[in-house]
Amino acid sequence: MSAPPPPAIEARGLTRVFGGGRSLLGVRRPGVHAAQDVSLAAHAGRTLGVVGESGCGKSTVARMLAGLDRPTKGAVLLDGEDVTARRGVAERARRVQYVFQDPIASLNPRKTIRQTLEAPMRRLLGMGAPARAARLDDLMAAVGLRAAFLDRHPHEFSGGQAQRIAIARALAAEAKVVVLDEPVSALDVSVQAQVLTLLKRLRAELGLTLVFISHDLAVVETISDDLAVMYFGRVVEAGPARAVYAAPRHPYTDLLLRSAPRPGVERLEAERGAADLPDPLAPPPGCAFAARCPRAEPRCRAERPELDEGGDDGARVACWRPLR
Amino acid sequence: MSGLRAAMAQLARNRLAAVGLALCAAIALVALAAPLLPLPDPNATAPADRLLRPGAPGHPLGTDHLGRDILSRLVWGARVSIAVGLSATAIAAAAGSLIGLVAGYAGGRVDGALMRAIDVVMAFPYILLALGVVAVLGPGLMNALFAIAVVNVPFFARTIRGVTLGLSRREFVEAARLSGASHATILFSEVAPNVAPVIVVTMSTTVGWMILETAGLSFLGLGAQPPQADLGAMLGEGRGLLFTAPHVSVIPGVVIFALVMSINLLGDGVRDALDPRLKAGALAAPGAATAVRRSGAGEPAKGEGLAVSGLVTEFASGGRSLRALDGVDFAVAPGERLALVGESGSGKSVAALSLTRLVPSPPGAITAGRVDFAGEDLLAAAPERLRRLRGDRVAYIFQDPLTTLHPLFTVGAQVAEALRAHAPLGRKAAREKAAELLEMVRIPAARRRLDAYPHELSGGMRQRACIAMALANDPALLIADEPTTALDVTVQAQVLDLMRGLAEARGTAVLFITHDFGVVSALCDRVAVMYAGRIVESGPTAQVLADPAHPYTAGLIACVPVLGRPDRALAAIEGLPPAPDALPPGCPFAPRCPHVEARCEAARPPLAPVGEGRAAACVKPLAGAA
Amino acid sequence: MGAYILKRLALTVPILVGLSIVVFAMMALIPGDPATAILGAYATPENVERLNRQLGLDRPLVAQYFTWAGNLLQGDMGRSFALNRPVADEVFERFGATLVLAGAALVLASALGLLAGIISAVRQFGWTDRALTLLVLVGVSTPSFWLGLLLIMLFAVELRWLPASGMFAIYGGGDLPDLLAHLAMPAVTLAVVAAGVIARLTRTAMLEVLRQDCISTARAKGVAERRVIYVHAFKAALVSVIPLIGVQAGFVLGGAVYVETVFQWPGVGRMLVDAIARRDLLLVQGGVLVVAAFYVLFNLLADVAQTLVDPRLR
């Protein structure tokens, strides 16, 4: 048997520091590590879910994957090929596309939908006018919108419709990988279900690889094959989604799952102490979660755990005292 | 383009702007037609006819100290002033906008360098810089024009840079990058069209000012040089004759004033028409209580709790009236916790705000229904009575604690204020009580946090402070409008746990607004589901969740993913809720309902009992059909 | 707070340096032979040569700048040939008079502007608001040099209530009532435009603040409406109004040029106009530099005041 194919998209040790450097007078400025040593991979045709609360660095990672931001350290690989050093977004955009959280803000208010959708076809694929026209109809049909909408402006659409258009734009470049940053968070629940269903269908029909970023555990669970949980800029747990959801190994993943409200569950388990993140300008030397962790021991505060090799089910965890 | 047409229509509706436009056009027309008009040569001197008063034969506005015809000089002078003002504006706008666009889009070092240079230019008091430029170049009309343009470049550059900076961080710019657009393409074809209205507004509001300033330089003798005259130079020349022949200086002043005033009127109109913030009528400041315009008060409700019946709240928008609430009925008994569940636009927040008339008014108004609280009709209460109720018997918690707390006052001061608004407490006593309240909501180091400003606290701590503020006077009813939506899930769990514990311990009734059935389960005994401004179902939480009666409730439950059940098919509700200005005559959910029949579309079904303690507004409820 | 002021002060230094470079560059940009341009066509050859030496025009520009800036730091701005006295003496003597005028105008404009803006916002859409809005529009459209003339005609010529020009009466003046009588018309003339601009922005800022969530919160907790407007809303509005008052200081200092000309007020503005007409360029240079430096420092104060109101800026 030959070696398994490389992941469609992979992050290796991605680190992004904001600020930092030195001021004019040579004084060292504090830098904030928005993402630190993040490694994850999405295999062809599968969906990688990335969950975490605000400030965990999940959006920073998503932007680096799509080439919207350059990592301070680390690499992004597409089909095993390191594309980090390539300048220019356009080349990467042919292979990785991105869907934003706020669908209305991601569409230029002064352009028609036709202009917005034609841009990637013309600029990235060099398609001629007849080819573009045919493809436009296909795209609109694929995301379930009428072709008559093409000549309207973004303000005439609801949030759900706008997000369909944004997905159509991502598809227009014919990229095989789509990174979605909180694509349904701005939508109402009934519309959210429509968009999730659409994404599942498109993934199956077009063989897309999705990286799905969200804070909503239930949403991620319905769409993900694999999962990465982030806390304070690092991946604390990663593995097959089913395995992690069924029996989390990291105490933070466990806390997240217990905190999520579920219809029909009357009592939520809540931490007693403050649920605050450490100061990003003065990160603790050990595990960032240690201050909140009910299982923490002195070693957790002193020494940072790395992601382990993973158990039988492939779930890897960065914890000195994992739950299993 | 439709946007442009709407802006023109708005401009036409503005009466003051229309006056400005008419006056401005009249002056411009006369100035343009100067060579065609039967006027004497403006520079022809006639010493014999000097200083004639207005009304003199052949000189309707009199003559100046050299016997030149003032009317003719005015017309020709206005021509010069307008031309100079417009040219200066165009130059300043072009140069400033370009700098602003580049600086705002490029950001980083380019932005830093350009803006520091602009800062230095702006460090000169306005006219002084113009004087300096004229001092170097020497007096003269073109030099004055250039000087005025130069001193206005920073103003344009800063304004445009600010707007560009905001736009450049918008997602659509990044989306354009992912569509393969180059930086130049993005700047000039994605960003610039969105900046254009701001440039037009800035030009229209500054052109009057520039005309005034060039006239000013000419008045000082530094602009137009004799014998050529613009309006300012005429005024300057006449100044020495103030005591003997005031008309020589007063008349040009009147023309400058009329010209600048008309341009400013027009400019304000253009601004109002193009500024999106003003377009939505959003700049209207709401009053202290929502306007109530109802024809009859209806029957008072009995009981100690809250009873709402037939409540209708409308919003005026562009001459139309949008019904946010279309006849809402519900009740909260003392100590009961009711959840009001719905999607955005369902009217749940408006319902919460309508209870103590906190809906912004204008544009909102309550047009029908009753709100009874402890036997009192709140919609008939006097403003002072409402004020005494709010924060005392009925308290609120809102969604985003960062915007709902006042950023410039300490947390302690804001909690103390809630106390002092309702009880004769001294400063020290109020502070002491505030510290106790912060401890009650389990804020660590509560006493030290009294002097913290809201931005110094985390989101969860801020929301705890809001809860402390709301519970300060031990209210009988706590109204919470999506208080955990802006919070992270672990913090949300803590806040829900806290609210539940406090409400249970104090017997506080809670009206909890949310879109999340999971949150409802965690906190509330009963639930009311809203759709298109109406309650479509109500009942005990567990029963409604397990066995929904209204098809909308069923759909809403089915379309939300549930943790631990990833394989459950998500049954999306197709279509969209009806627009509030186009509510159908029948059931508002009928167009999306999988069980729709002809009678559903004929008349709106009333909220009718479906079993013990439950009600649904449906002609054939799915469950509990008694 | 102290650290913030120091930091802000440090940021002011580059601005002041930039300012001096611009002012210096102005002289360097004068077309033709600077010495002749500065001294005028009738200058004696000795004077031209002396000035050339003094300006060090044979040396590179950068070296010239450092010599010039060094002299400046020692209070030496050169000599005005028309007045035959040191530029610094003349400028500082005149600057006092301008400060009195501009200060009075700014205080007047701020008081009137804030008041009108708040009233206008609170009575939005009512007739008071409409009347004030129109009045403000008239104010910002009125040429101050023309308004000054009208005031002189009314109060000095017709009614004979106030003196038409100068800062003090020539005989027997010099006390405070005399100063106030002379100050009244120029200060009002100078304040009109600034008051209008401040009123406009205060109105907008108040309206914007009154729509914010924190105002709803204040109402929801039962705070009295007067307190909501004059404490909660006004304090929030001040954050954007204070920098505007800083900017208006610049307009008032600059606008003083017209008003001083109309009312023969012995300030820097009138001095500058006369100096430009006489091509007394060193005097122009000194005058512009001193007023601009003062304006920069005033804006520093405005910044600090804004920080006092808004803890988020600290």
Subject >> Unmet requirement for residue A:224, which otherwise passes all of (1) away from every other protein chain (no Cβ under 12 Å); (2) under 12 Å from the mean Cα position of the chain (by Cα) >> reply: (1)
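When you scan the stretch A:58-85, how many residues do you find that are away from chain B (no Cβ under 14 Å) and not aliphatic (A, V, I, L, M)?
Of the residues in that region, 9 qualify.
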Subject >> Leading residue by the ranking (farthest from residue A:34 (Cα to Cα)) among those in the stretch A:224-237 that are of a type in the set (A, V, I, L, M, F, W, C) and surrounded by 24 or more Cβ atoms within 10 Å (Cβ to Cβ) >> reply: A:227
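Going by the conditions given, is residue A:170 in contact (Cβ under 8 Å) with a residue 60 or more places away in the chain, open to solvent by less than 20 Å² (accessible area, probe 1.4 Å) and within 11 Å of another protein chain (Cβ to nearest Cβ)?
Judged against the criteria, residue A:170 is a match.
Collect the residues in the stretch A:262-288 that are touching a strand residue (DSSP E or B) at 6+ places or on another chain (Cβ under 9 Å) and either buried (at least 16 other Cβ atoms within 10 Å of the Cβ) or closer than 21 Å to residue B:441 by Cα (or both), keeping them in residue-number order.
A:277, A:280, A:283, A:287, A:288
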**OP:** Determine whether the stretch B:253-268 contains at least one residue that is open to solvent by 40 Å² or more (accessible area, probe 1.4 Å), modelled with pLDDT of 90 or more and either facing chain C (nearest Cβ under 9 Å) or more than 29 Å from residue C:217 (Cβ to Cβ) (or both).
**Re:** yes
Subject >> All positions within the stretch B:464-489 that are within 27 Å of residue A:252 (Cα to Cα), open to solvent by 10 Å² or more (accessible area, probe 1.4 Å) and part of a loop (DSSP other than H, G, I, E, B) >> reply: B:482, B:485, B:486, B:487, B:488
**OP:** Quick one: count up the residues across the stretch B:178-210 that are over 29 Å from residue B:268 (Cβ atoms), in a helix (DSSP H, G or I) and touching a Pro at 6+ places or on another chain (Cβ under 9 Å).
**Re:** 1
Original post:
Considering only the stretch A:289-309, how many residues are without any contact (Cβ under 8 Å) to a residue 40 or more places away in the chain and open to solvent by 80 Å² or more (accessible area, probe 1.4 Å)?
Top reply: 8
Subject >> Candidates A:272, A:301, A:295 - the one that is in a loop (DSSP other than H, G, I, E, B), more than 10 Å from chain B (Cβ to nearest Cβ), over 15 Å from the mean Cα position of the chain (by Cα) and not aliphatic (A, V, I, L, M) >> reply: A:295
Original post:
When you look at residue B:416, is it within 13 Å of chain C (Cβ to nearest Cβ) and among the small types (Gly, Ala, Ser), yes or no?
Top reply: yes
**OP:** Could you check, for the stretch B:108-116, whether at least one of its residues is farther than 30 Å from residue B:251 by Cβ and surrounded by 21 or more Cβ atoms within 10 Å (Cβ to Cβ)?
**Re:** no
Original post:
Could you say which residue among B:427, B:448, B:370, B:431 is more than 11 Å from every other protein chain (Cβ to nearest Cβ) and under 22 Å from residue C:310 (Cβ atoms)?
Top reply: B:448
Subject >> Whichever residue in the stretch C:43-62 is touching a Phe, Trp or Tyr at 6+ places or on another chain (Cβ under 9 Å) and not in a loop (DSSP other than H, G, I, E, B) and, among such residues, is modelled with the highest pLDDT >> reply: C:61
Original post:
From C:154, C:134, C:159, C:150, which residue is more than 12 Å from chain B (Cβ to nearest Cβ), among the hydrophobic types (A, V, I, L, M, F, W, C) and either surrounded by fewer than 21 Cβ atoms within 10 Å (Cβ to Cβ) or touching a helix residue (DSSP H, G or I) at 6+ places or on another chain (Cβ under 6 Å) (or both)?
Top reply: C:159
Original post:
Looking only at the stretch B:232-252, which residues are among the hydrophobic types (A, V, I, L, M, F, W, C), crowded, with 24+ Cβ neighbours inside 10 Å and at the interface with chain C (Cβ under 9 Å from one of its Cβ atoms)?
Top reply: B:235
Original post:
What number of residues within the stretch A:250-261 are open to solvent by less than 20 Å² (accessible area, probe 1.4 Å) and either more than 8 Å from chain B (Cβ to nearest Cβ) or basic (Lys, Arg) (or both)?
Top reply: 4
Original post:
Does any residue of the stretch C:227-243 turn out to be under 20 Å from residue C:199 (Cβ atoms), open to solvent by less than 10 Å² (accessible area, probe 1.4 Å) and either of a type in the set (D, E, K, R) or under 19 Å from the mean Cα position of the chain (by Cα) (or both)?
Top reply: yes
Subject >> Residue list for the stretch A:91-114, restricted to those being free of Cβ contacts under 8 Å to residues at least 24 places away in the same chain and more than 8 Å from chain B (Cβ to nearest Cβ) >> reply: A:91
**OP:** Considering (1) within 14 Å of chain B (Cβ to nearest Cβ); (2) of a type in the set (Val, Ile, Thr); (3) surrounded by fewer than 21 Cβ atoms within 10 Å (Cβ to Cβ), say which one residue C:170 fails and leave the rest.
**Re:** (1)
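Going residue by residue through the stretch B:152-159, is there one that turns out to be modelled with pLDDT under 90 and either within 30 Å of residue C:279 (Cβ to Cβ) or assigned by TED's automatic domain parsing to the domain that holds residue B:118 (or both)?
Checking the stretch B:152-159: not a single residue is modelled with pLDDT under 90 and either within 30 Å of residue C:279 (Cβ to Cβ) or assigned by TED's automatic domain parsing to the domain that holds residue B:118 (or both).
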**OP:** Considering every residue within the stretch B:164-181, establish whether at least one is surrounded by 22 or more Cβ atoms within 10 Å (Cβ to Cβ), modelled with pLDDT of 90 or more and more than 13 Å from chain A (Cβ to nearest Cβ).
**Re:** yes
Subject >> strands (runs of 3 or more DSSP E) (entirely within the stretch B:490-566) containing at least 1 residues that are within 12 Å of chain A (Cβ to nearest Cβ) and open to solvent by less than 10 Å² (accessible area, probe 1.4 Å) >> reply: B:509-514, B:526-531
Subject >> Selection status of residue A:183, free of Cβ contacts under 8 Å to residues at least 40 places away in the same chain and part of a loop (DSSP other than H, G, I, E, B) >> reply: no
**OP:** Six or more apart or on different chains, Cβ under 8 Å: which pairs go from a residue in the stretch C:63-86 that's under 14 Å from residue C:286 (Cα atoms) and part of a loop (DSSP other than H, G, I, E, B) to one that's of a type outside the set (D, E, K, R) and open to solvent by 70 Å² or more (accessible area, probe 1.4 Å)? Could you list them?
**Re:** C:78/C:54
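Just checking, how many residues over the stretch A:45-56 are over 24 Å from residue A:200 (Cβ atoms), open to solvent by 10 Å² or more (accessible area, probe 1.4 Å) and not acidic (Asp, Glu)?
Of the residues in the stretch A:45-56, 2 are over 24 Å from residue A:200 (Cβ atoms), open to solvent by 10 Å² or more (accessible area, probe 1.4 Å) and not acidic (Asp, Glu).
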**OP:** Considering only residues that are within 14 Å of chain A (Cβ to nearest Cβ) and assigned to a loop (DSSP other than H, G, I, E, B), look in the stretch B:589-615 and name the one that is least open to solvent (accessible area, probe 1.4 Å).
**Re:** B:589
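The values are calculated or read from the model by the stated rules, or taken from the named source; none is laboratory data. Keep in mind that this is a model prediction, so the values were computed, not measured. Virtual Cβ from ideal backbone geometry, glycine too; neighbours counted across all protein chains shown. Note: areas computed on protein heavy atoms with side chains; ligands, DNA, RNA excluded. Shrake-Rupley method; radii C 1.70, N 1.55, O 1.52, S 1.80 Å.
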